[in-house]
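Written out below as structure tokens is the structure these notes cover.
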Amino acid sequence: MAVVTTPRAKGEPGRSRGEPGLEVPRYRAGRRRPRWVSIPLRFLVPALLVAVWWIGSATGVIPEEILAGPPKVWTAFAELYETGQLVDFSIASFNRAALGVLFGVTAGLILGVLSGLSSLGEELVDSTMQINRAVPFLALVPLFIAWFGIDETFKVLLIAFATVGPMYAYTYLGVRNVDRKMVEAARSFGSRGPRLVFEVILPSALPGVLMALRICLSIAITGLIAAEQVGTREGIGYLVTLAQEYNRTDYMVLCVVLYAVLGLIFDGVVRIIERFAMPWRGQVATR
């Protein structure tokens, strides 16, 4: 590191000979990696896994009865696409998952804000939500079928029940961790009621809320799989049931890929929200 000596001002006591001067600090923020490099790196590990799968299937190391190879999975994809079932089933599953997440996330967000803002809200809401988090939503499938039947209502409400708990917990923690000095400063400038919540508290709790949204979307895929195993004639889960009945491993792998694509779509939505809502979080801690 270079050492820079500064000229002595008039009246300033002199330094002894050999004494180092002030050091110029280095700018330690790393340069952002170019997008043409960053994007391929994101797909590097999945591409390697697909390559290993393809080579294993082609050489016979992975038997077709256990795991169908990529060519057979692609053939199954082409068959379903030509009949139009692939698009219809994917849209049906996406709609169920989206509606369930919408209801569950909205309810969890409202309850988390109410419980985090006031002790009265915590006393009224928190114990019930802790019970909700403790009960596995898969254990409620028989009860939900008895209450709501096997139609779309059952499927949407099961996904909503699965996602309301994580959203409530992270929102509650995010609101409780808001700096009280910042809230008092906002109040001194006249922020009250809904304005204080939407302009100060929720933006401060936004990292926790978006993390909860990621978790809720992941859990929604699990809830969707469980819901579509019962009384459905349309959806990816119905395709899984058919694949099990006819022992079509190519269809089974295709369904796994479709669920993964659905999860990537949800993750992409969250990333877009993060980019516009929290642009300052684009940097990592170290590079």
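Looking at the stretch 125-206, the helices (runs of 4 or more DSSP H) lying wholly inside it that each contain 2 or more residues that are among the aliphatic types (A, V, I, L, M) sit at 141-148, 152-176, 180-188. Within the stretch 67-85, being closer than 13 Å to R248 by Cβ and either of a type in the set (S, T, N, Q) or in a loop (DSSP other than H, G, I, E, B) (or both) holds for L67, A68, T75. Under the condition of being in contact with a Lys or Arg (Cβ under 7 Å, 6 or more places away or on another chain) and surrounded by fewer than 15 Cβ atoms within 10 Å (Cβ to Cβ), the residues counted in the stretch 117-155 number 0. Is it the case that E245 is assigned to a helix (DSSP H, G or I) and free of Cβ contacts under 8 Å to residues at least 60 places away in the same chain? Yes.
Taken over the stretch 90-108, the criterion of being buried (at least 22 other Cβ atoms within 10 Å of the Cβ) and not β-branched (V, I, T) is satisfied by S93, R96, A97, G100, G104, G108. Of all residue pairs spaced 6 or more apart or on separate chains, those with beta-carbon atoms under 6 Å, a first member in the stretch 64-85 that is under 21 Å from A47 (Cβ atoms) and a second member that is at pLDDT below 85 and among the small types (G, A, S) are G69/S57. Restricting to the stretch 43-55, give me the number of residues that are at pLDDT 85 or above and either assigned to a loop (DSSP other than H, G, I, E, B) or surrounded by 14 or more Cβ atoms within 10 Å (Cβ to Cβ) (or both). Of the residues in the stretch 43-55, 1 are at pLDDT 85 or above and either assigned to a loop (DSSP other than H, G, I, E, B) or surrounded by 14 or more Cβ atoms within 10 Å (Cβ to Cβ) (or both).
The values are calculated or read from the model by the stated rules, or taken from the named source; none is laboratory data. Predicted model only: the values in this text are computed from it and were never measured. Positions of Cβ are generated from backbone atoms using ideal geometry, with glycine treated the same way; all protein chains shown enter the neighbour counts.
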